[in-house]
1. Among the residues of the range 40-64, write down those that are surrounded by fewer than 22 Cβ atoms within 10 Å (Cβ to Cβ) and not in a strand (DSSP E or B).
2. Test A128 against the criterion of being surrounded by fewer than 22 Cβ atoms within 10 Å (Cβ to Cβ) and either in a loop (DSSP other than H, G, I, E, B) or within 16 Å of the ligand (Cβ to nearest atom) (or both), and give yes or no.
3. For A228, indicate whether it is modelled with pLDDT of 95 or more, more than 11 Å from the ligand (Cβ to nearest atom) and surrounded by fewer than 20 Cβ atoms within 10 Å (Cβ to Cβ).
4. In the range 85-102, what count of residues is obtained for those that are under 27 Å from the mean Cα position of the chain (by Cα) and outside any loop (DSSP other than H, G, I, E, B)?
5. May I ask you to list the residues in the range 239-265 that are buried (at least 24 other Cβ atoms within 10 Å of the Cβ) and more than 10 Å from the ligand (Cβ to nearest atom)?
6. Only one residue in D380, D387 is charged (D, E, K, R) and over 27 Å from K227 (Cα atoms). Which one?
7. Select from the range 326-351 the residues that are in a loop (DSSP other than H, G, I, E, B) and either touching a Phe, Trp or Tyr at 6+ places or on another chain (Cβ under 9 Å) or among the basic types (K, R) (or both) and list them in ascending order.
8. For the subset of the range 103-125 comprising residues that are away from the ligand (no atom under 16 Å from the Cβ) and part of a loop (DSSP other than H, G, I, E, B), which member is surrounded by the most Cβ atoms within 10 Å (Cβ to Cβ)?
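The values are calculated or read from the model by the stated rules, or taken from the named source; none is laboratory data. Since this is a predicted model, take the numbers as computed values, not measurements. Please note: Cβ atoms are built from the backbone with ideal geometry, for glycine as well, and neighbour counts cover all protein chains shown.
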Amino acid sequence: KPKSSKADIPREKSALLFEKAKKYFPGGVNSPVRAFKSVYGTPLFIERGDGCFLWDADGNQFIDFCCSWGPLILGHNNPKIKEAVVAALEHGLSFGAPTALENELAELILKNNKYIEKLRFVSSGTEAVMSAIRLARGYTGRDKIIKFEGCYHGHSDSLLVKAGSGLVTFGETSSLGVPKSFAEDTIVIALDDKEALTAAFEQFKGEIAAVIIEGVPANNGLLLQDKAYIQFLREITQANGSILIFDEVITGFRLGFEGAAAYYDIKPDIITYGKIIGGGMPVGAYGSSAEIMMHISPDGGVYQAGTLSGNPVAMAAGIAQLSELNKAGFYKELNKKASEFVASIRRYADAKNYKVKIFNIASIFWIAFTDKENIKAATDIAHESMDKYKILHRELLNRGIYLGPSGYEVGFVSSAHSKIELEKAKRAIFESLDVVFK
Ligand code: PLP
């Protein structure tokens with residue numbers, strides 16, 4: 001264990017809670033990356049969050065750049081979201097019947113999004129993508145799908161094939177328990193490789209139901225794609241009668257209110273959402289043209305349902321959050337703040353000749369220990385980068401900065417990060433980089 005330049009923060013209470021959790025949950029957690037396997041120490045048990053801050057069980061305070069992995073674009077415990085949630089709670093938690101809140105959230109989304117005409121609410125990103133794939137298969141009458149190495153789309157069987165996120169972190173490329181027959185219908189190719197995609201369409205002519213890509217791949221590093229490549233996906237899917245799915249679980253309402261579709265100004269056939277759409281409550285959604293959505297039950301033959309779908313408390317949180325995001329200038333201000341933050345870290349690293357790059361789009365950033373100017377495919381990420389990230393992560397925790405516990409994960413800037421906290425965070429990052437490169 002390399003020596004930290006700063007004393008370790010107290011972690012006794014978190015460590016005790018983790019010991020207890022290990023008795024109850026596999027690996028002591030309810031989602032694998034939380035187990036801190038790729039960084040030093042045991043997971044921090046969080047007691048509360050407010051604005052851009054988190055407090056753990058030992059009373060340590062952090063400026064949070066994980067933001068619950070993206071949903072908290074307004075920061076923790078936003079007063080408007082809290083108020084809306086409390087008001088909804090007063091009326092009951094769940095009815096399993098339609099509510100006006102579902103209409104309200106749908107209207108807010110659809111009136112401000114020219115890429116979809118109808119949508120369906122579900123309870124997670126995984127569920128949104130799983131349903132979108134079923135819709136694409138039902139609509140085209142085909143079975144095969146194409147996904148890209150380094151894109152994560154949740155943990156449904158069809159998509160757990162060479163997926164990124166936690167799986168890459170653990171050095172695995174797929175999961176046990178996924179039937180071979182499922183994997184056979186999922187074709188995995190590298191990003192930014194037109195030839196591979198063309199070859200896949202030639203080899204499986206008339207069999208490809210859909211091509212799915214993250215709006216901007218952000219689960220295995222931040223793999224910024226050229227617009228021309230996305231345009232190519234649009235053209236090749238159209239030419240082959242296949243559906244193009246943008247998985248906007250991260251990019252939706254993050255790159256802008258209309259997400260990656262508007263960022264590229266390319267209209268996919270189906271879009272999936274999650275994270276931000278629920279303001280921190282469990283919500284996902286998938287949307288498309290009225291013509292394609294007509295195939296979903298009860299109108300059509302593609303079955304999809306959910307006891308808690310459109311949950312009123314979750315809808316209320318979503319309405320409150322998206323209403324804030326829809327205000328003029330919201331994204332301009334947030335993105336400017338994030339890009340200035342990133343630029344100043346870049347300047348520091350360049351001045352010191354450190355082999356580190358900070359990739360950035362809108363309010364998403366990714367710290368990679370590399371000298372490559374562009375990283376577009378998962379295979380371009382050097383694994384040594386992760387050893388350095390491990391040190392950086394510990395140094396930052398010791399300086400009150402919370403980043404995702406894996407070097408493959410991106411960071412998020414929220415509107416709750418003020419200039420003062422970003423200034424503090426920068427200083428901590430400078431010092432921590434000095435330790436990494438000592
Ligand atoms: N799709 C993308 C692009 C994601 O980033 C994620 C989660 O990180 C998912 C799907 C799955 O969403 P959830 O974790 O809500 O099931």
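1. Answer for the range 40-64, where residues must be surrounded by fewer than 22 Cβ atoms within 10 Å (Cβ to Cβ) and not in a strand (DSSP E or B): Y40, G41, T42, F45, A57, D58, G59, N60.
2. The answer is no for A128.
3. Yes, satisfied.
4. The qualifying residues number 5.
5. The initial filter retains those residues of the range 239-265 that are buried (at least 24 other Cβ atoms within 10 Å of the Cβ), namely 242-243, 245-254, 259-260.
S242, I243, I245, F253, R254, G259, A260, listed by residue number.
6. Numbers: D380 fails: over 27 Å from K227 (Cα atoms).
When all the criteria are applied, what remains is D387.
7. Matches in the range 326-351: N326, K327.
8. I116
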